[in-house]
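Engineer: Here it is, the structure, as structure tokens.
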Amino acid sequence: MSSSPFPLLPPLRVVVAAPRGFCAGVDRAVTIVERAIERFGAPVYVRHEIVHNAHVVDALKVKGAVFVEELDEVPDGVPVVFSAHGVPKSVPVAAAARGLNYLDATCPLVSKVHRQAERLVAQGRPILFIGHAGHPEVIGTFGQVPPGTMTLVETLADAEAVTIADPDNVGFLTQTTLSVDDTAAIVACLQRRFPAISGPKGEDICYATSNRQAAVKQIAPQCDLVLVIGAVNSSNSQRLREVAERSGTRAYLIPCAADLDWDWFDGVATVGVTAGASAPEVLVQELMTLLATRYKTATDIVTSAVEDVVFKLPRGLDA
């Protein structure tokens, strides 16, 4: 009786979260760059990474996108796209002053926060902004209002310590890619300390961030290990890793399948897989293919929400 030339692979259950990966805002931003290259020809400049994912950025570079950090790196006479994270008001003003043809790829949900900030300031309310220092979205939102009218609150300790000259006249807003649970605790603290505080009518944390965190909460208790595909500078991806860890499961954030460490799999019978909102599905499929080289995988897809959100493209690129 002949034996198989191939060794028997150990079993591995793979639980894949849905939704995962690209959200409507990221899809819109990437499409804006691609359409701009088609419409105007290469090069098209992009101020800051269009989204926080090296795979996406590198793919757009091949097509003719040039990424820069500041507007003064953009030559005269070429189109420029502003990233999905949003920019301070001073950036489009400077672009217009130079006569640059610019396209704003800011996620509409981030733009909504910008308008909320303007309204609060117009009402004479200083703003407590819940977010992470240095994140492009935070920088862009602070740049919508006059200096000194917005104060950053990063942690629960910040929320306990922050002082307001008129506690009865203050508002709060949040970054769109935060931890739902952490933000709820900070908001509750601010509402306790400042009962008259004015907040947004709807949820500032975007639907995609909330949905992806909820999906991880659903799969993590079933798993010995959770893998999150996303960039280390992606806020929403880092939050997915944290959500999995808080569920009591080991979790790692990896940019792509090549960053996998097989030592993580010692004693693992079930692995969860998800991806941040700026990570394309191809990276998930590459990871699944790699897992199948070492294990006999059985895949379950756990769907906790169905997303059908689509954002319109800027006028001129929607044809």
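Only the coordinates and a few stated rules stand behind these numbers; no lab work does. Note that the structure is predicted; figures quoted are calculated from it, not measured. Heads up, the Cβs are rebuilt from the backbone with ideal geometry, glycines too, and the neighbour counts pull from every protein chain shown.
Engineer: Just add up the charged neighbours of T106: K/R +1, D/E -1, any other residue whose Cβ is under 12 Å from the Cβ of T106.
Structural biologist: +3
Engineer: Calculate I(q)/I(0) for segment 63-174 by the Debye formula, one identical point scatterer on each C-alpha and no solvent, and give its log10 at q = 0.18, 0.20 Å⁻¹ to two decimals.
Structural biologist: -0.91, -1.05
Engineer: So how much slack lies between V232 and D261, counting 0.36 nm per residue of separation and subtracting their Cα-Cα distance, in nm?
Structural biologist: Values: separation 29, 0.36 × 29 = 10.44 nm, distance 1.61 nm.
In short, 8.8 nm is gained.
Engineer: Follow-up. Using +1 on the beta carbon of Lys and Arg, -1 on that of Asp and Glu, and nothing else charged, what's the dipole of the chain about the Cα centre, debye to 20?
Structural biologist: It comes to approximately 640 debye.
Engineer: Which residues does the label zone of E286 cover in segment 10-28, counting backbone N under 16 Å from a point 7 Å along Cα→Cβ?
Structural biologist: Under cut-off, by backbone N: 21-22.
Engineer: Rounded to the nearest 0.05, what FRET efficiency do V93 and A305 give with R0 = 25 Å and r taken as the Cβ-Cβ distance? Could you check?
Structural biologist: Plugging the Cβ-Cβ distance into 1/(1 + (r/R0)^6) gives 0.05.
Engineer: Once you order the gyration tensor axes a ≥ b ≥ c over the Cα atoms, which shape class does segment 106-255 get: rounded for a/c under 1.5, otherwise prolate or oblate by comparing a/b with b/c?
Structural biologist: prolate
Engineer: Report the calculated FRET efficiency for N101 and D58 (r = Cβ-Cβ distance, R0 = 25 Å), to the nearest 0.05. Please list the in-between numbers first.
Structural biologist: Numbers: r = 24 Å, r/R0 = 0.98.
According to the calculation, E is roughly 0.55.
Engineer: Let me ask you something else. Taking the Cα atoms of segment 1-140, what is the range of coordinates along each of the three principal axes, in descending order and whole Å?
Structural biologist: Cα extents, longest axis first: 82, 41, 23 Å.
Engineer: May I pose another question? Suppose the chain between A161 and A122 were pulled fully straight at 0.36 nm per residue; how much longer would it get relative to their current alpha carbon spacing?
Structural biologist: Values: separation 39, 0.36 × 39 = 14.04 nm, distance 2.56 nm.
Length gained, A161 through A122: 11.5 nm.
Engineer: When each pair of different Cα atoms in segment 108-193 is counted once in the 1/r mean, what is the Kirkwood radius in angstroms, to one decimal?
Structural biologist: Averaging 1/r across every pair of different Cα atoms and inverting gives 12.9 Å.
Engineer: For a quick check of your reading of the filter: which chymotrypsin sites (Phe, Trp or Tyr not before Pro) in segment 1-93 sit in a DSSP loop and have no more than 12 other Cβ atoms within 10 Å?
Structural biologist: none
Engineer: Between D318 and A133, what FRET efficiency comes out of the Förster formula 1/(1 + (r/R0)^6) with R0 = 45 Å and r the beta carbon distance, rounded to 0.05?
Structural biologist: Calculated value: 0.80.
Engineer: Ranked from highest to lowest mean number of other Cβ atoms within 10 Å per residue, what is the order of the peptides 166-175, 261-270?
Structural biologist: My ranking of the peptides, most packed first, is 166-175, 261-270.
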